[in-house]
Structures are given as C-alpha cells and as structure tokens.
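Only one structure is covered here, and it is reproduced in the block below.
Just so you know, all these numbers are worked out from the coordinates, no wet-lab data involved. Computed from a predicted structure; not experimentally measured. As a convention, Cβ positions derive from the backbone with ideal geometry for all residues, glycine included, and neighbour counts pool all protein chains shown.
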Amino acid sequence: MSQRTEALAQRLEQGAAELAALASDLSDSEWQTRVRDGRKIGVVVHHVGTMYPLEIQLAQTLAEGKPIAGVTWDMVHEMNAKHAEAQDGVTKEEALEFLRQNSQKAAAAIRALKDEDLDRAAPVSLNSDAPLTCQFFLEDHAVRHSYHHLAAIRNALVGVEAGA
C-alpha cells in the first residue's frame with residue numbers, strides 16, 4: 001500500500017461513512033423521499049453500494065493498462081433504472097449494511113493497487129475513449145460516488161423541509 005492508495009481508500013471510506021451517517025438518521029418518510037432523478041433516497045444509498053464493485057473492476061482494468069470498452073452512459077442509465085425498480089422496497093438496515101460491506105471491499109481493493117497501477121492510462125468508452133489514468137477513474141467514480149449522491153440527498157431533504 002502506498003500513501004496515494006491509502007489516501008484514495010480513506011476518501012472513499014469517508015464518503016461512504018458520511019452517506020451512511022446521514023441515511024441512518026432518516027425517518028421512514030425521509031427514506032422514501034425522491035431525489036431529483038426520481039429514485040428514492042433508500043434506493044440511492046443501496047445504489048452506491050451496488051456500484052462499488054463494478055467501479056473497482058473497471059479501475060482494475062485500467063490498472064492493467066487495458067481499455068474500458070463498450071461501456072456507455074445509456075447502459076449505466078438502464079442499469080440504474082433496473083436497480084431502482086428491483087430495490088424499490090429496500091430497508092434502511094439492508095442498504096446500510098450493503099453500503100458498509102461494499103465500501104470496505106472497495107477500499108481494500110484500492111489499497112492493493114500500486115502507484116504504477118494508478119498511473120496507467122487507457123481509453124475509457126464512458127469518456128469518449130479519452131485515455132484516463134486509473135487514479136482519475138477511481139476519483140471520478142468510486143471515490144466521488146457517495147459524495148455525489150450525498151449532495152443530491154441533502155438537496156432533496158431541503159426541498160421536503162421547504163415544502164417543495
């Protein structure tokens with residue numbers, strides 16, 4: 001483990017912990033609140049846990065110097081829609097445990113990388129085949145994911161409080 005991989009892993013863990021802390025304090029009604037994209041908060045919390053393994057797998061592909069090919073935003077949106085439908089009734093306990101387990105596994109996988117893995121770049125189909133480093137991909141996906149959704153959840157909750 002390098003200082004860089006440790007820092008990335010800690011940032012992922014911090015984001016997951018902040019998301020879990022907010023979610024754990026939500027009322028049943030708040031858990032059912034919909035964020036701007038229409039998904040329930042509970043579904044979004046579970047979604048973050050669902051995506052960690054895939055995001056790590058794709059980052060590991062880049063770490064090997066291989067391109068991420070054939071993955072499109074349309075595929076991501078379709079996967080998210082199917083997940084939202086399948087997890088519509090997810091409980092807080094299920095989602096939080098799933099988030100905890102998968103964030104720990106993701107952080108461990110990041111810690112297993114070497115600095116030279118983080119520096120490898122290859123084309124990424126999600127980003128117009130731009131050659132991206134493994135580190136950038138991790139930061140833009142797995143590490144950022146919980147923070148992105150945490151902001152969306154906070155915005156949805158503010159809207160509820162304001163009567164929007």
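Some values worked out for this structure:
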| quantity | calculated |
| --- | --- |
| Every pair of residues 6+ apart whose Cβ atoms lie under 8 Å, when the first sits in region 54-76 and is closer than 20 Å to ILE110 by Cβ while the second is surrounded by 19 or more Cβ atoms within 10 Å (Cβ to Cβ) and of a type in the set (Ser, Thr, Tyr) | ILE68/THR61 |
| Candidate set: region 11-51, residues that are polar (S, T, N, Q) and touching a residue at least 60 places away in the same chain (Cβ under 8 Å); chosen: the one surrounded by the fewest Cβ atoms within 10 Å (Cβ to Cβ) | SER24 |
| Candidates GLU13, GLU18 - the one that is within 22 Å of VAL158 (Cβ to Cβ) and assigned to a helix (DSSP H, G or I) | GLU18 |
| Region 77-125: number of residues that are over 25 Å from ALA7 (Cα atoms), basic (Lys, Arg) and touching a residue at least 12 places away in the same chain (Cβ under 8 Å) | 1 |
| Single unsatisfied condition, GLY70 versus (1) of a type outside the set (S, T, N, Q); (2) exposed (fewer than 12 other Cβ atoms within 10 Å of the Cβ); (3) within 15 Å of the chain's Cα centre (by Cα) | (3) |
| All positions within region 27-55 that are touching a Leu at 6+ places or on another chain (Cβ under 8 Å), among the β-branched types (Val, Ile, Thr) and within 29 Å of SER128 (Cα to Cα) | VAL45, VAL48 |
| Residue list for region 126-137, filter: out of contact with any His (no Cβ under 9 Å at 6 or more places or on another chain), in contact (Cβ under 8 Å) with a residue 24 or more places away in the chain and either under 17 Å from LEU54 (Cα atoms) or in a strand (DSSP E or B) (or both) | LEU132, THR133, CYS134, GLN135, PHE137 |
| Members of region 100-125 found to be within 10 Å of GLU13 (Cβ to Cβ), surrounded by 20 or more Cβ atoms within 10 Å (Cβ to Cβ) and of a type outside the set (Ser, Thr, Tyr), listed by number | ALA106, ALA107, ILE110 |
